[in-house]
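The next block holds one structure in the form of structure tokens; read it before the comments.
The values are calculated or read from the model by the stated rules, or taken from the named source; none is laboratory data. What you see is a predicted model, and the numbers here were worked out from it, not measured in a lab. Positions of Cβ are generated from backbone atoms using ideal geometry, with glycine treated the same way; all protein chains shown enter the neighbour counts. Just so you know, the surface numbers come from the protein's heavy atoms only, side chains and all, with ligands and any DNA or RNA stripped out. Shrake-Rupley method; radii C 1.70, N 1.55, O 1.52, S 1.80 Å.
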Amino acid sequence: MSLSRRARAAQEAIEPVTSFFLSLRALDGQPGVVDLTFGDPHEMPLPGLVDALRANVEPRTEDWFAYKTSLAPARETVAAGLAAELGLPFGPEDIAMTQGAFGAIAVAFRLVADAGDEVVIPEPGWFYAPMLRAADVVPVRAPLAAGSFDLDVEAVARAITPRTRVVVVNSPANPTGRVYGRDRLDELATVLEAASARTGRRIWLLSDEPYRRIRFDGIGFTSPAACYPWTLVDYSYGKILLAPGQRLGYLALSPRIPVAERAELRAALVPLQMGLGWGFPDAVMQYSVPALEKVSIDVPELARRRDLMVGALGAAGYDLTVPEGTFYLWSVAPGGDAVAFAGALAERGVYVLPGTVFDRPGHFRISLTATGDMLERALPALRELAG
């Protein structure tokens, strides 16, 4: 075969996602279809996003569209926002601007992990495994708590071996919508500190926080960076702006990382991003960061859509996990077969994401980024198949 071992491993790891995603392309342009699969927009973009892009697309200097690494105004804006939001003294030098959270995660894995190292990832969870396989790093799954999908610190502890280099925490979590409390994160920090001492090798924590600003019911947020010094934080603007096609995010080094180690990491960021294929956001997106920090989707409206679906599906008998954040709704599939259930819904013009994408074949996910009208039109089919 012509494919490299890494390419084959990544292809196999992501196949459930790619095959389902490609199958959805047949929906493009079909009238009446209710697409509840991915966190895509179904209404016109936010005016604040359009205004920011329009204001910055007009060149002001000859080098407006020249090669850009991480621009100082963007890094300063992010550092100030993180300091205010998380209560930690991030500095501009701690920030690497990336092409969304995916770009930040790719940088993080290669920044602290070597080929053959292990990375503990949550199950259910999103795209970590194929990204790790593509980097010659080994994914090790740690299940979330049964039923509640809370962070299971004991499961993480069991997954750690002498080869463990990184543990990934995703809060608010995709697909479950759970937000992990300070007590669990403190417990995890204790486990990681002890495991690092036991193995003689520092275990890093990657805090995947793209949904950090999308939370409901006044629920607070604690970043693992506040609990464990050796933490890297990734973020995406694509969620809060509901514009995943405009790739903008960052990787942040916790200011609690010891000074010498943080200096070494800072110095490696730009060379690593260049080596990964110029992994910086486009110039216009970086110019727009100061304005985009103030732009947000309508979180109260998302909460209303959540309440609509939780109430209607709960009354129909679905076993739901009520999301505390994100814009997803996670449920047990009637009959226990998510693929069969999703297929039956598709025959009725409603498309949901089967849990096979998350290694949970008995669950499915709904995206609340659909319009209120789309959700209302989906309910008759969902009620019919409730079992």
| Inter-centroid distance (Cα atoms) of region 88-143 relative to region 285-338, Å | 25
| query | Extension gain ARG163-ARG6, at 0.36 nm per residue separation less the Cα-Cα distance, in nm? | reply | 54.6 nm
| said: Assuming 0.36 nm per residue, please report the length gained on full extension of the stretch ASP307 to ARG54 beyond their Cα-Cα distance. | reply: 87.6 nm
| remark: With the dipole of the chain defined by +1 on each Lys or Arg Cβ and -1 on each Asp or Glu Cβ, the option from SER254, LEU132, GLY91 whose Cα lies farthest towards the positive pole is LEU132
| Given charges of +1 on the Cβ of Lys and Arg and -1 on the Cβ of Asp and Glu, with all other atoms neutral, how large is the dipole of region 105-150 about its Cα centre, in debye to the nearest 20? | 120
| DSSP bridge orientation in the chain - percent antiparallel, rounded to nearest 5 | 50
| task | Take every DSSP beta bridge whose two residues both sit in region 111-270, then give the antiparallel share in percent to the nearest 5. | result | 20
| field | Estimated 222 nm signal from helices in the chain, with DSSP H stretches of n ≥ 4 weighted -39500 (n - 2.57), rounded to 500 | value | -13000 deg cm²/dmol
| remark: For the pair ASP217 and ARG383, the simple spin-label estimate (label points 7 Å beyond Cα toward Cβ) gives in nm 2.5
| With DNA, RNA and ligands ignored, accessible area of PHE221 (1.4 Å probe; Å², nearest 10) | 40
